[in-house]
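Notes follow the structure.
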Amino acid sequence: MQSFKTNIKCGGCVSKVKPYLDGLKEIRSWKVDLDSPDRILTVEGEISGDLVIKAIASAGYRADSIS
């Protein structure tokens, strides 16, 4: 499991990111905690963090890997 701090702020933002993350076959599941001040995106699957960050950027948002 990988976690990322994002600037995804609402359900509308999540719906914009959804096709990009759902399109990556390496991701088994993902979710964004909109209640967290850091809007944490959690991703499960065998995928590099860079690919997740690029997918989020393609949707117009930012994601930073959390160590």
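The values are calculated or read from the model by the stated rules, or taken from the named source; none is laboratory data. As the structure is a prediction and not an experimental result, all values here were calculated from the model. Here the Cβ positions follow ideal geometry from the backbone for every residue, glycine too, while neighbour counts run over all protein chains shown. The accessibility values were calculated without ligands, DNA or RNA, using every heavy atom of the protein model including side chains. Shrake-Rupley method; radii C 1.70, N 1.55, O 1.52, S 1.80 Å.
Give Tyr61, Tyr20 a once-over and let me know the one that is open to solvent by 60 Å² or more (accessible area, probe 1.4 Å), of a type in the set (Phe, Trp, Tyr) and on the phi < 0 side of the Ramachandran plot.
Details: Tyr61 fails: open to solvent by 60 Å² or more (accessible area, probe 1.4 Å).
Criteria check complete, one pass: Tyr20.
For segment 7-46, which positions are in contact (Cβ under 8 Å) with a residue 40 or more places away in the chain and in contact with an Asp or Glu (Cβ under 8 Å, 6 or more places away or on another chain)?
Thr42
Can you name the number of the only condition in (1) more than 11 Å from the chain's Cα centre (by Cα); (2) open to solvent by 70 Å² or more (accessible area, probe 1.4 Å) that Lys31 fails?
(1)
Quick one: in segment 3-44, which of the residues that are basic (Lys, Arg) and not in a helix (DSSP H, G or I) is farthest from Ser65 (Cα to Cα)?
The initial filter retains those residues of segment 3-44 that are basic (Lys, Arg), namely 5, 9, 16, 18, 25, 28, 31, 39.
Next, only the ones that are not in a helix (DSSP H, G or I) stay: 5, 9, 25, 28, 31, 39.
Working: Lys5: 6, Lys9: 17, Lys25: 20, Arg28: 18, Lys31: 15, Arg39: 12 Å.
This residue is Lys25.
Does Ile56 meet the test of being more than 10 Å from the chain's Cα centre (by Cα), under 15 Å from Gln2 (Cα atoms) and open to solvent by less than 40 Å² (accessible area, probe 1.4 Å)?
Values: more than 10 Å from the chain's Cα centre (by Cα): no; under 15 Å from Gln2 (Cα atoms): yes; open to solvent by less than 40 Å² (accessible area, probe 1.4 Å): yes.
No, not satisfied.
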